[in-house]
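Participant: This is the structure I want to talk about, given as C-alpha cells.
The values are calculated or read from the model by the stated rules, or taken from the named source; none is laboratory data. Just so you know, these numbers come straight off a predicted model, no measurement behind them. Cβ atoms come from the backbone with ideal geometry, glycine included; neighbour counts cover every protein chain shown. Keep in mind that these areas ignore ligands, DNA and RNA; they rest on the heavy atoms of the full protein, side chains included. Shrake-Rupley method; radii C 1.70, N 1.55, O 1.52, S 1.80 Å.
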Amino acid sequence: MTALHFPALHRVHPRGWLNDPNGILHHDGRWQVYFQHHPEEPRHRDILWGHMSSPDLVRWREEPHGPVPRPGEADRGGCWSGVGLVDTAEDGTALPTLVYSGVDGVRNDLSQVVVARTDAQLQGVTRSVVAAPVPEELDLEGVRDPFVLTLDGRRWAIQGAGIREGEAVVPAILLYDATDLEHWEYRGTLLTGHDPVAAEHVPAEIWECPQLVRLGDEWALLVALWYRSERVPGSITESAYLLGSLTTGEDGLPRFAPRTGGSVDTGPDFYAPQAVVDAEGDRVLLWGWSWEHAGRTQEQTDAQGWAGCLTFPRELGLDGDLLVSSAPAELTALRGAELTAQEGALEVAAPLRAEVRTAGPVAVTLHRAGGAEETLLEHTGGPATLLLDAGILELLPTSGTPSTVRLYPEEGDAVRFHGEIEQAWELRLP
C-alpha cells in the first residue's frame, strides 16, 4: 500500500486481486460497492465479493465480504459478476439482494444465477438460492453476468452468452422473466450478434457483463467483448455499447432494437463496466475495472501484493449518439489546493493526485527521475476533465469517449500536463 502508484482514492483494500465491479446499490443512505476479489494474493482464483461502502462517493470504508464460494453449492468454484438491488419483502420492508454468477470450478463458462439475500445493513448473506440454471435448450459456449431491470412495471433479467453455430460462436443476450426474483423463467434471446448494428459496433463471441439502462429517450446496452483465446489472445478486449429502443412487444416480451453504437472507454486499461440507476439523483452512474497494465509482469504484481482497481464513478450521458462520461458532482469534495499552470504546462510530483480541467487538447507524459519520458495519453478534442490518482489516469472528455491508463511512478517522477489547461486542483481525502 506504500507504493507510489497505489490509487488510494480508488481502492480501499490494501491487498489481493480485484476485478469487475459488482452488486452496486444505494441503500439506507450509503453506497454499497462490491467487486470480484481474492484477498490473499494478486491472482484471479477463489473469487469472492469484496465490499466497500460510502455515504458520499468520496469517503470509502472496507466492509465484510459479500458472497463467498460455498463447498458443494452452485458457487463452489467462485462468485463471479452480477448486480445488486433493493427488493421488497412480503411485509413491504426493503430487502437488499445480490444477484451473481455462481461457477463450479469445472465449467466456469456455464454459470448458474444465484440470488443472495443480505441483512438490512449488508453485513452478510442470510440466504442463497439458484434462480436460473443453465438453459438446456441452447448449445452454449458460455453464459454469465446477470442484470435485472424493470420495463413497463414488470421485472426482467438478462445474461450475456455465446451460442455455438458450427465452428462459430455468436454472442447473445438471454432474456428471463424475473417477476419472482428467486425463480427465473427463460424467454429466449433479446439480441444476438446476427443483428447488423450489433455486428458492426459490438463484435464478440460472448457479450459479458450486459447492462441495459435508460438515458433520456434512449436505451443503452453496455457489453464487454469476449473472444476465445485462440481467436483473440488474452480473451478480453474492450467494452462497447449500443443505443436503441426497448419496448414491450405484442407477445408481452421486451424488444431491443439497436440503431448505433460505440466504445464505452478506449482504454487501454478498462473493462467490465457496471451501470447503476441512481433514482434519487436522477442519473446513471458507472464504474469500470482497471487492470494492471499489459506491460506489468506477474512478478512485479506479486511484489506489490495487489492488483486492479475500480475507476472513479462516472455519470453517463449522451452527446447526440455518443455515450459520454463526466465526473459526478460529489467528487469535487476531493479537491484541495488549486494548482497553477505556467504557459500551458502543469507538473505534478509523486504521489500524483490531481484534477485537471482543459478547454481543448492536452498531452500527458510521465517524466522519470532519470530523464526518461513516457507518453500516457494525448487528447486532441475539446473540453475534458482528467483525474489522476497515483497509478491511474482517467480522461473524461465533454464530447468524446473516455480513456483509462495505468502508470507506475517511482520516487522523483512527475506527470506533466501540457495544453489548454483551464483549472487544476490537488486531490486528497477531505
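Participant: So how strong a dipole does the chain carry about its Cα centre when Lys and Arg Cβ are +1 and Asp and Glu Cβ are -1, to the nearest 20 debye?
Facilitator: That gives a dipole near 580 debye.
Participant: What are the extents of the Cα atoms of the chain along their three principal axes, in Å, largest first?
Facilitator: Computed over the chain, the largest-to-smallest principal extents equal 63, 46, 43 Å.
Participant: While we're here: Would you mind pulling out the separation of the Cα centroids of region 77-115 and region 323-349, in Å?
Facilitator: Cα centroid of region 77-115 versus Cα centroid of region 323-349: 38 Å apart.
Participant: Let me ask something additional. Along the Cα-to-C-beta direction of E62, a point sits 7 Å from the Cα; which residues of region 31-52 have their amide N less than 16 Å from that point?
Facilitator: 33-43, 48-52
Participant: Return the single residue from T332, T385, T237 with maximal mean-square fluctuation; model: Gaussian network over the chain, springs between Cα atoms under 10 Å.
Facilitator: Comparing T332, T385, T237 in a Gaussian network model of the chain, the most mobile one is T332.
Participant: Further question on the same structure: Binning every alpha carbon pair distance of region 281-421 at 5 Å from zero, what are the percents per bin?
Facilitator: All Cα pairs, binned at 5 Å, distribute as 2, 9, 18, 21, 22, 14, 9, 4, 1, 0 percent.
Participant: Here's another thing I want to ask about it. Explain nothing, just the number: dipole magnitude of region 228-295 about its Cα centre with +1 on each Lys and Arg Cβ and -1 on each Asp and Glu Cβ, in debye rounded to the nearest 20.
Facilitator: Charge dipole, region 228-295, about its Cα centre: 280 debye, nearest 20.
Participant: Something else about it: In Å, what Kirkwood hydrodynamic radius results for region 371-430 from the alpha-carbon pair distances?
Facilitator: After inverting the pairwise mean of 1/r, the radius is 13.0 Å.
Participant: With springs only between Cα atoms under 10 Å apart, run a GNM on the chain and tell me which of T266, T118, T375 wobbles the most.
Facilitator: T375
Participant: Follow-up question, since we're still on this one. From the mean inverse distance of alpha carbon pairs (Kirkwood) and the Cα radius of gyration, derive Rg over Rh for region 1-56.
Facilitator: 1.00
Participant: Let me ask you something else. Tell me, what is the Rg over Rh of region 66-200, with Rh the Kirkwood radius over Cα pairs?
Facilitator: In region 66-200, Rg relative to Rh is 1.00.
Participant: Mean-square fluctuation check for the chain, GNM, Cα pairs under 10 Å: which of L393, L212, L339 is largest?
Facilitator: Maximum among the listed residues: L339.
Participant: I need the calculated FRET efficiency for the pair A363 and H293, taking r as the beta carbon distance and R₀ as 30 Å, to the nearest 0.05.
Facilitator: Efficiency at R0 = 30 Å is approximately 0.95.
Participant: What residues have an amide H closer than 5 Å to that of D56, excluding those fewer than 5 places away on the same chain, when H is modeled at 1.01 Å from N in the peptide plane?
Facilitator: W31
Participant: At a Förster distance of 30 Å, what's the computed FRET efficiency of R428 paired with A279, Cβ-Cβ distance as r, to 0.05?
Facilitator: The calculated FRET efficiency here is 0.45.
Participant: Quote the convex hull volume per residue of region 1-145, based on C-alpha atoms, as a whole number of Å³.
Facilitator: 118
Participant: Reported to two decimal places, what Rg/Rh ratio describes region 144-239 when computed on Cα atoms with Rh from the Kirkwood expression?
Facilitator: With Rh from the inverse mean 1/r over Cα pairs, Rg/Rh is 0.99.
Participant: Let me ask something else about it. Apply the Karplus curve 6.51 cos²θ - 1.76 cosθ + 1.60, θ = phi - 60°, to the phi angles in region 13-18 and return the couplings in whole Hz, x for Gly and Pro.
Facilitator: Karplus values, whole Hz, x for Gly and Pro: 6, x, 9, x, 7, 9.
Participant: Taking the dipole about the Cα centre of the chain, with the C-beta of Lys and Arg at +1 and of Asp and Glu at -1, give me whichever of G105, V264, P7 is farthest to the positive side.
Facilitator: Looking along the dipole axis, the top candidate is P7.
Participant: Counting other Cβ atoms within 10 Å, which GluC sites (Glu not before Pro) in region 266-304 have at most 13 and lie in a DSSP loop?
Facilitator: Working: sites: E280, E292, E299; in loops: E280, E292.
Sites meeting the loop and neighbour criteria: E280.
Participant: To continue, here is another question. Just in region 49-100: which GluC sites (Glu not before Pro) are loop by DSSP and have at most 13 other Cβ atoms within 10 Å?
Facilitator: Loop-located and lightly packed - E90.
Participant: Just the accessible area per residue of region 238-385, please: how many Å² with a 1.4 Å probe?
Facilitator: Using a 1.4 Å probe on heavy atoms only, each residue of region 238-385 averages 41 Å².
Participant: Expressed in whole Å with the largest first, what are the equivalent ellipsoid semi-axes of region 125-199 derived from the C-alpha gyration tensor as the square root of 5 times each eigenvalue? Please list the in-between numbers first.
Facilitator: Working: eigenvalues 115, 48, 18 Å².
The equivalent ellipsoid of region 125-199 has semi-axes of 24, 15, 9 Å.
Participant: OK, next. Please report the carbon-and-sulfur percent of the accessible area for region 125-196; probe 1.4 Å, protein heavy atoms only, DNA, RNA and ligands left out.
Facilitator: Values: 1430 of 3110 Å².
Its accessible area is 46 percent carbon and sulfur atoms.
Participant: Viscosity 1.002 mPa s, temperature 20 °C: give me the Stokes-Einstein translational D for region 195-342 in µm²/s, with Rh taken as the Kirkwood radius over C-alpha pairs.
Facilitator: In µm²/s, the coefficient is 123.
Participant: Within region 178-205, find all residues whose amide N lies under 11 Å from a label point positioned 7 Å from the Cα of V232 along Cα-to-beta-carbon.
Facilitator: Under cut-off, by backbone N: 202-205.
Participant: What trypsin sites (Lys or Arg not before Pro) does region 384-430 have in DSSP loop regions with at most 11 other beta carbons within 10 Å?
Facilitator: When the trypsin sites (Lys or Arg not before Pro) of region 384-430 are filtered for loop state and at most 11 Cβ neighbours within 10 Å, nothing remains.
Participant: Could you please state, rounded to a whole Å, how far the C-alpha centre of region 262-321 is from the C-alpha centre of region 1-66?
Facilitator: Using only Cα atoms to place each centre, the spacing works out to 13 Å.
Participant: What length, rounded to one decimal in nm, is gained on full extension from D319 through to E73, with 0.36 nm per residue of separation minus their alpha-carbon distance?
Facilitator: 84.0 nm
Participant: With θ taken as phi - 60° and the coefficients 6.51, -1.76 and 1.60, list the Karplus ³J(HN,Hα) couplings across region 271-276 in order, rounded to whole Hz; mark glycine and proline as x.
Facilitator: Taking θ as phi minus 60°, the curve returns 6, 6, x, 10, 9, 10 Hz for region 271-276.
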